[in-house]
Amino acid sequence: MAEVESENTHRDGLQLERMIFFSDAIFAIAITILIIEIKIPDIHSGSITDNQLWQGLVSIIPKFIGFLVSFFVIGLYWLAHHRMFRYVTHCSQKLLWNNLLFMLPIVVMPFSTAFLSEYYNVNLKLPLAVYTITICFAGLFSFRLWKIIGNPKNQLSTNLNSVIMRYNTARALIIPSVFLGAFILSFINPWISYLIPPFAPFATKFIRKYFTKKYPEIMRDHLH
């Protein structure tokens, strides 16, 4: 009986390692593709001047802003994924499939970012809509993963208490909420709506400060 239990534990460990390595690779590739999508300014001139180069760089500023926002958004979801699997001790088909679903919007993120950056225009709603949908799916799938892992019936994790669950599920939903709010605001004031997304990562800091202040000991152990 002990040998069978040990073999199952070993098999779970191997499955978890493979899933984590696979997920880390996707996060790394997605972040790398973000910068690849930004092309060097193409200036056709016999004698190139610094002023022309500067104008070329200015023209791709929206793409750099999109890159930075998506870089930190993907980074935040990677950190959340890393924290999540600190508590996972067992593997299941349900966990594998839902983790794969979570990877889907991460893979799509470079396309959504490039689409938004290329067609950045206060008169266009579709680019921001596509990006917002991608973010919303990432948040919802992250939220679902936490719920699956934290559900005692699934027997997938240990030491995952209700405070940690509330903290991480709140973080999973805050970024989609910010982008959804920005998209709705785009119908009222397009200029302001485009200023909101860069501040999305700061919304997670607010949640972190709130929980750290209210549950200092639990959060100290969780964040280190």
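The values are calculated or read from the model by the stated rules, or taken from the named source; none is laboratory data. Please read these numbers as outputs of a predicted model, since none were measured by experiment. Note that each Cβ is placed from the backbone with ideal geometry, even for glycine, and that neighbours are counted across all protein chains shown.
If you take the residues of segment 194-224 that are in a helix (DSSP H, G or I) and of a type in the set (Ser, Thr, Tyr), which of them is surrounded by the fewest Cβ atoms within 10 Å (Cβ to Cβ)?
Quick first cut of segment 194-224, residues in a helix (DSSP H, G or I) only: 194-195, 197-214, 216-223.
Keeping just the survivors that are of a type in the set (Ser, Thr, Tyr) gives 194, 204, 210, 212.
On the way: TYR194: 19, THR204: 20, TYR210: 13, THR212: 15.
Here the residue is TYR210.
Answer yes or no: is there a residue in segment 174-182 that is under 20 Å from the mean Cα position of the chain (by Cα), assigned to a helix (DSSP H, G or I), more than 19 Å from ARG83 (Cα to Cα) and polar (S, T, N, Q).
Yes, there is a match, as at least one residue in segment 174-182 is under 20 Å from the mean Cα position of the chain (by Cα), assigned to a helix (DSSP H, G or I), more than 19 Å from ARG83 (Cα to Cα) and polar (S, T, N, Q).
Quick check: anything in segment 146-159 surrounded by 21 or more Cβ atoms within 10 Å (Cβ to Cβ), under 14 Å from the mean Cα position of the chain (by Cα) and not aromatic (Phe, Trp, Tyr)?
Among the residues of segment 146-159, not one is surrounded by 21 or more Cβ atoms within 10 Å (Cβ to Cβ), under 14 Å from the mean Cα position of the chain (by Cα) and not aromatic (Phe, Trp, Tyr), which makes the answer no.
With more than 23 Å from GLU17 (Cβ to Cβ), part of a helix (DSSP H, G or I) and without any contact (Cβ under 8 Å) to a residue 60 or more places away in the chain as the only criterion, which of ALA129, ALA114, ALA138 stands out?
Values: ALA114 fails: without any contact (Cβ under 8 Å) to a residue 60 or more places away in the chain; ALA138 fails: without any contact (Cβ under 8 Å) to a residue 60 or more places away in the chain.
Unique residue meeting the criteria: ALA129.
For the subset of segment 110-134 comprising residues that are of a type in the set (A, V, I, L, M) and either surrounded by fewer than 18 Cβ atoms within 10 Å (Cβ to Cβ) or modelled with pLDDT of 95 or more (or both), which member is nearest to LYS153 (Cα to Cα)?
Looking at the filtered set, the residue picked out is ILE133.
Kindly indicate the residue of segment 55-102 that is among the hydrophobic types (A, V, I, L, M, F, W, C), modelled with pLDDT of 90 or more and not in a helix (DSSP H, G or I) and also farthest from THR158 (Cα to Cα) among those meeting that condition.
Among residues in segment 55-102 that are among the hydrophobic types (A, V, I, L, M, F, W, C), modelled with pLDDT of 90 or more and not in a helix (DSSP H, G or I), the one farthest from THR158 (Cα to Cα) is PHE85.
I'd like to verify a number: residues in segment 141-167 that are without any contact (Cβ under 8 Å) to a residue 60 or more places away in the chain and among the hydroxyl-bearing types (Ser, Thr, Tyr), how many?
Count: 2.
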